[in-house]
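Chemist: Okay, here's the structure, questions in a sec.
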Amino acid sequence: MIDIHLYAVNLQAPLVKTVLEQSVITSTLLLTLLLMVGLFFFIRASIKDRTEQVELLAKEPEESIFERLQTYFEQRAYRITTVDGVNNIVTYEGFVPPSGFIAVFLSLLAALGLVCIALVLALLYPNIGFAFLGICLLAPLAGLFYWRKAGKIEKVILQITTQTPITETPTRLITVTAHRDELIQLRQVMPYQLHEA
């Protein structure tokens with residue numbers, strides 16, 4: 001009787017092992033697919049508009065500030081498109097090319113994600129095996145998508161207003177609306193203090 005029971009357990013062991021392996025692979029596939037969804041949205045977000053606004057304070061005369069910023073933006077390949085003398089607003093436009101580094105980086109991320117999903121599919125469907133690695137050929141599409149969509153005309157809106165002087169020297173408030181990266185670069189180069197409301 002003990003021998004029959006052991007024989008029955010031995011028959012069920014491979015079945016239990018197969019069911020466990022199948023459930024582990026299926027759950028791994030599900031997690032990998034969730035990661036791929038996250039990667040898709042990450043790649044899509046690479047072309048998202050990141051326009052922000054920053055306010056800076058300066059003690060210089062208005063003409064000097066405009067002249068300095070005009071020179072800076074011309075060096076950055078921007079040109080003046082509109083001037084609103086009433087509100088003291090100048091709008092610049094310039095073509096911002098896509099980054100080659102980001103295009104390659106996104107392609108590598110996509111390749112890594114596709115390799116992961118291909119390996120899980122190869123475990124799930126061993127008959128097809130490593131033929132699933134062929135989907136990695138789609139990885140350069142991520143870089144191509146970024147390259148085609150990221151290069152665009154960017155606007156920089158500059159406004160200078162004079163604040164009510166508390167001291168004898170009037171303070172100028174410089175409001176710049178531009179892409180986040182452009183604002184970071186501007187703050188590193190310009191000697192103006194950040195206005196904290």
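Where a number appears in this text, it was derived from the coordinates with a stated rule and is not lab data. Given the structure is predicted, the values throughout are model-derived calculations rather than measurements. Every residue, glycine among them, receives a Cβ derived from its backbone with ideal geometry; neighbour counts consider all protein chains shown.
Chemist: Show that you can apply the helix-only estimate: for the chain, add -39,500 (n - 2.57) for every DSSP H stretch of four or more residues, divide by all residues, and state [θ] at 222 nm to the nearest 500.
Modeler: The per-residue figure over the chain is -18500 deg cm²/dmol.
Chemist: How far is helix 140-150 tilted, in degrees, relative to the longest principal axis of the Cα atoms in the chain, given as a value from 0 to 90 rounded to the nearest 10?
Modeler: The answer is roughly 20 degrees.
Chemist: Run the dipole for the range 84-174 about the Cα centre, Lys and Arg Cβ at +1, Asp and Glu Cβ at -1, nothing else charged, and hand back the magnitude in debye, nearest 20.
Modeler: In total the dipole reaches around 260 debye.
Chemist: Here is a further query. For the chain, find the longest principal axis of its Cα atoms and tell me its angle to the long axis of helix 100-124, 0 to 90°, nearest 10.
Modeler: Helix 100-124 sits roughly 20 degrees off the main axis of the chain.
Chemist: So, one more: Calculated FRET efficiency, L119 and F41, Cβ-Cβ r, R0 30 Å, to nearest 0.05?
Modeler: 0.85
Chemist: Also, quick follow-up: Whose amide H sits under 5 Å from the amide H of H195, counting only residues 5 or more places off or on another chain, with H placed in the peptide plane?
Modeler: Here E55, L56, L57 satisfy the definition.
Chemist: To continue, here is another question. Tell me, what ³J(HN,Hα) does each residue in the range 77-85 have, in order and in whole Hz, if you take phi through Karplus 6.51 cos²θ - 1.76 cosθ + 1.60 with θ = phi - 60° and put x for Gly and Pro?
Modeler: For the range 77-85, the Karplus-derived couplings read 6, 9, 9, 6, 10, 9, 10, 10, x Hz, x marking Gly and Pro.
Chemist: For the chain, what is the relative contact order in percent, using Cα pairs closer than 8 Å and at least 6 residues apart in sequence?
Modeler: It comes to 30 percent, rounded to a whole number.
Chemist: Can you tell me which of 64-75, 175-186 comes out highest on packing, and rank the rest after it, using the mean Cβ neighbours within 10 Å?
Modeler: 175-186, 64-75
Chemist: Taking the Cβ-Cβ separation of Q193 and K152 as r and a Förster radius of 30 Å, what is the calculated FRET efficiency to the nearest 0.05?
Modeler: Efficiency computed from Cβ-Cβ geometry: 0.45.
Chemist: Next question, about the same structure. Once you list every other residue whose beta carbon is under 13 Å from the beta carbon of I47, what net charge do they have if Lys and Arg are +1 and Asp and Glu are -1?
Modeler: Net local charge, I47 excluded: +4.
Chemist: Decide, for the chain, between rounded, prolate and oblate: order the square roots of the alpha carbon gyration tensor eigenvalues as a ≥ b ≥ c, take rounded if a/c falls under 1.5, and otherwise choose prolate if a/b is larger than b/c, else oblate.
Modeler: Prolate is the answer for the chain, as a/c is 1.5 or above and a/b outweighs b/c.
Chemist: Under 5 Å between amide H atoms, partner at least 5 residues away or on a different chain: which partners does T81 have, H built in plane at 1.01 Å?
Modeler: T91, Y92, E93
Chemist: Charges on Cβ only, +1 for Lys and Arg, -1 for Asp and Glu, centred on the Cα centroid of the range 59-109; of S99, T82, L109, which one is farthest towards the dipole's positive end?
Modeler: Of the candidates, L109 comes out farthest on the positive side.
Chemist: Measure nothing but the geometry: give the 0 to 90° angle between the long axis through the Cα atoms of 180-189 and the longest principal axis through the Cα atoms of the chain, rounded to 10°.
Modeler: Helix 180-189 sits roughly 50 degrees off the main axis of the chain.
Chemist: Follow-up question, since we're still on this one. Rounded to the nearest 20 debye, what is the charge dipole size of the range 41-109 about its Cα centre when +1 sits on each Lys and Arg Cβ and -1 on each Asp and Glu Cβ?
Modeler: 480
Chemist: Hey, with R₀ at 45 Å, roughly what FRET efficiency would S27 and I184 work out to, going by the Cβ-Cβ distance, to 0.05?
Modeler: The calculated FRET efficiency here is 0.60.
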